[in-house]
């Protein structure tokens with residue numbers, strides 16, 4: 001099962017994603033609450049997969065994707081977007097993110113998406 | 001999602017949305033101060049976006065939709081298709097208030113929904129919550145009072161032989177009792193945000209109604225105080241804010257003529273100070289005309305001719321019951337109606353009020369409150385056959401008094417205490433006691449408050465207690481220097497005096 005880094009500025013969202021992923025048997029390698037932290041934690045932890053929120057303080061999710069891909073072109077990043085952010089999701093995919101899920105999360109969709117991205 | 005897990009998410013949502021929306025309100029103030037700035041827009045957008053995501057995840061549809069609509073409007077400003085002028089910002093501010101209210105409603109409905117409070121056995125992790133009627137907690141506090149009283153009895157027996165098994169057992173009881181007291185008092189804590197979040201909408205409503213521009217700033221809402229104290233704060237705060245908007249903040253044209261910003265500023269700030277919390281309610285309005293107040297006070301014999309009014313004296317005059325109701329004074333004071341009620345209510349929970357004002361520049365009221373109600377170390381005194389309890393915090397020393405030791409100086413009785421002249425107040429006279437005559441030799445209890453010392457004459461000092469103080473519902477006729485009732489070790493109640501207001 002995968003070691004996952006969760007990036008979201010809301011504790012609420014991080015808790016919810018962590019619950020979904022641990023229930024599916026994954027382990028949480030770390031959490032980050034800003035884009036900057038996400039990049040730092042990625043370097044330190046080298047997780048199997050990153051879940052990335054788009055709107056965060058101190059560097060948004062898309063810039064964080066660019067920074068992480070620059071460090072590790074094989075990084076597996078799953079974007080977490082809200083409704084109405086299609087344009088941003090496209091931008092994130094172009095920046096190197098592998099897939100996306102839309103809030104509010106449905107556990108099965110998140111677990112499926114993680115499995116797809118890990119399988120590469 | 002299991003019920004227990006959902007309850008945890010709702011609790012997280014409640015806490016996080018409060019913090020985030022508090023941040024959004026602060027950002028709105030900055031934005032209103034400087035509409036051309038971009039930073040606050042990003043901050044408010046981020047908050048709305050996060051709150052929307054959380055609300056949607058919990059199925060709080062009303063909140064999610066309201067937030068989404070507001071986020072969309074804000075998006076137009078960020079995209080440059082809408083200009084963020086003042087009227088637009090005001091509407092946005094109202095929308096943020098409405099979202100805050102919607103979040104609270106959603107959380108409250110969730111809490112009130114039957115079947116949501118789940119057996120504690122289901123989920124062993126994370127915080128779990130139980131809703132408790134405040135009356136039950138009050139009952140618990142009453143029981144604790146009984147225990148504290150029983151302990152004092154035990155301590156008296158244990159003190160006869162400090163090495164006895166009884167004394168050791170008594171020490172164990174004491175330690176655990178202190179722990180139990182702290183835990184019970186902790187359960188009663190609630191964040192100031194529960195009161196604070198009601199203030200900005202109220203102030204803005206009133207300002208609009210009166211044709212004034214007011215920016216309100218709130219901080220320190222995460223600080224926790226006892227729920228009883230919190231409840232007693234609502235009226236005084238609303239009162240002070242109404243007065244500030246109505247009387248202190250000038251109309252925009254008057255403000256500009258005085259070289260001030262068109263919009264007035266009111267701030268409610270809370271901060272910790274040792275065991276207390278200090279709430280400052282300040283405005284940048286016209287200030288209080290102390291010369292005019294002093295004039296009226298002299299006319300009414302409340303102030304000696306030639307005496308001047310400092311801030312403390314000014315507050316004393318303004319909160320003098322008969323004084324503040326006069327319309328002529330209310331007009332010039334820019335303050336007034338019912339300040340006596342504010343002071344009385346605050347004293348009822350052991351809080352005090354102070355005032356600073358500068359004519360033309362503004363006024364600041366400072367409320368100092370205990371974070372917890374409950375146990376006060378106090379001295380028990382006798383006046384005739386009655387007993388009164390005095391909190392030890394203000395007592396500096398005890399001296400023996402006989403009729404010859406008092407002398408008259410400047411129209412008042414004074415006493416020399418270690419070379420210092422201290423005014424004497426006879427508690428018999430203060431309390432209107434009309435029983436048997438006083439003994440010849442009496443203890444003078446020297447107290448210090450607000451930088452002043454006073455010697456209080458009692459009939460006797462009976463000892464010390466750890467008193468559990470219950471705030472009093474205030475029937476008419478109870479003087480303002482009575483703060484509450486304490487239960488003594490014989491199980492009978494005694495009134496507690498507020499020494500600060502005696503001074």
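The values are calculated or read from the model by the stated rules, or taken from the named source; none is laboratory data. Since the structure is predicted, the reported quantities are computational estimates derived from the model, not experimental observations. Positions of Cβ are backbone-derived with ideal geometry, glycine not excepted, and every protein chain shown enters the neighbour counts.
Have a look at B:247, B:239 and point out the one that is farther than 30 Å from residue B:134 by Cβ and in contact with a helix residue (DSSP H, G or I) (Cβ under 9 Å, 6 or more places away or on another chain). Give the derivation first.
Working: B:239 fails: farther than 30 Å from residue B:134 by Cβ.
Matching residue, one of B:247, B:239: B:247.
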| request: Go through region B:139-190 and give me each residue that's in contact (Cβ under 8 Å) with a residue 60 or more places away in the chain and within 30 Å of residue B:266 (Cβ to Cβ). | output: B:188, B:189
| request: Name the residue, out of B:172, B:146, B:126, that is modelled with pLDDT of 80 or more and loosely packed, with under 15 Cβ neighbours inside 10 Å. | output: B:172
| Condition broken by residue B:365, with the remaining ones in (1) over 14 Å from residue B:455 (Cβ atoms); (2) out of contact with any helix residue (DSSP H, G or I) (no Cβ under 6 Å at 6 or more places or on another chain); (3) modelled with pLDDT of 75 or more; (4) not in a loop (DSSP other than H, G, I, E, B) satisfied | (2)
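Would you check if there is a residue in region B:288-299 being touching a strand residue (DSSP E or B) at 6+ places or on another chain (Cβ under 6 Å), modelled with pLDDT of 85 or more and under 19 Å from residue B:366 (Cβ atoms)? First the steps, then the outcome.
Of the residues in region B:288-299, the ones touching a strand residue (DSSP E or B) at 6+ places or on another chain (Cβ under 6 Å) are B:288.
Subsequent filtering for residues that are modelled with pLDDT of 85 or more retains B:288.
Subsequent filtering for residues that are under 19 Å from residue B:366 (Cβ atoms) retains B:288.
Yes; the residues of region B:288-299 include at least one that is touching a strand residue (DSSP E or B) at 6+ places or on another chain (Cβ under 6 Å), modelled with pLDDT of 85 or more and under 19 Å from residue B:366 (Cβ atoms).
Considering B:216, B:234, which residue is in contact with a helix residue (DSSP H, G or I) (Cβ under 7 Å, 6 or more places away or on another chain) and loosely packed, with under 15 Cβ neighbours inside 10 Å?
Details: B:216 fails: loosely packed, with under 15 Cβ neighbours inside 10 Å.
None of the other options fit; the residue is B:234.
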| said: If residue B:157 meets every condition in (1) closer than 24 Å to residue B:8 by Cβ; (2) modelled with pLDDT of 80 or more apart from one, which number is that one? | reply: (1)
| request: Look at region B:151-164 and say how many of its residues are under 25 Å from residue B:184 (Cα atoms) and touching a helix residue (DSSP H, G or I) at 6+ places or on another chain (Cβ under 9 Å). | output: 3
| message | I'd like to check something: does region B:42-63 contain any residue that is out of contact with any strand residue (DSSP E or B) (no Cβ under 8 Å at 6 or more places or on another chain), surrounded by fewer than 22 Cβ atoms within 10 Å (Cβ to Cβ) and under 22 Å from residue B:208 (Cβ atoms)? | response | no
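Residue-by-condition table, conditions (1) within 8 Å of chain A (Cβ to nearest Cβ); (2) under 30 Å from residue B:262 (Cβ atoms):
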position	(1), (2)
B:34	no, yes
B:40	no, yes
B:45	yes, yes
B:51	no, no
B:56	yes, no
B:63	no, no
B:70	no, yes
B:77	no, yes
B:84	no, yes
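Considering every residue within region B:106-114, establish whether at least one is modelled with pLDDT under 75, exposed (fewer than 14 other Cβ atoms within 10 Å of the Cβ) and in a loop (DSSP other than H, G, I, E, B).
Applying the first criterion (modelled with pLDDT under 75) to region B:106-114 yields B:111-114.
Pick out the ones that are also exposed (fewer than 14 other Cβ atoms within 10 Å of the Cβ) and you get B:112-114.
With in a loop (DSSP other than H, G, I, E, B) added as a condition, the list becomes B:113-114.
So far as region B:106-114 goes, yes, one or more of its residues are modelled with pLDDT under 75, exposed (fewer than 14 other Cβ atoms within 10 Å of the Cβ) and in a loop (DSSP other than H, G, I, E, B).
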| field | Total residues in region B:5-30, condition more than 10 Å from chain A (Cβ to nearest Cβ), buried (at least 20 other Cβ atoms within 10 Å of the Cβ) and without any contact (Cβ under 8 Å) to a residue 60 or more places away in the chain | value | 1
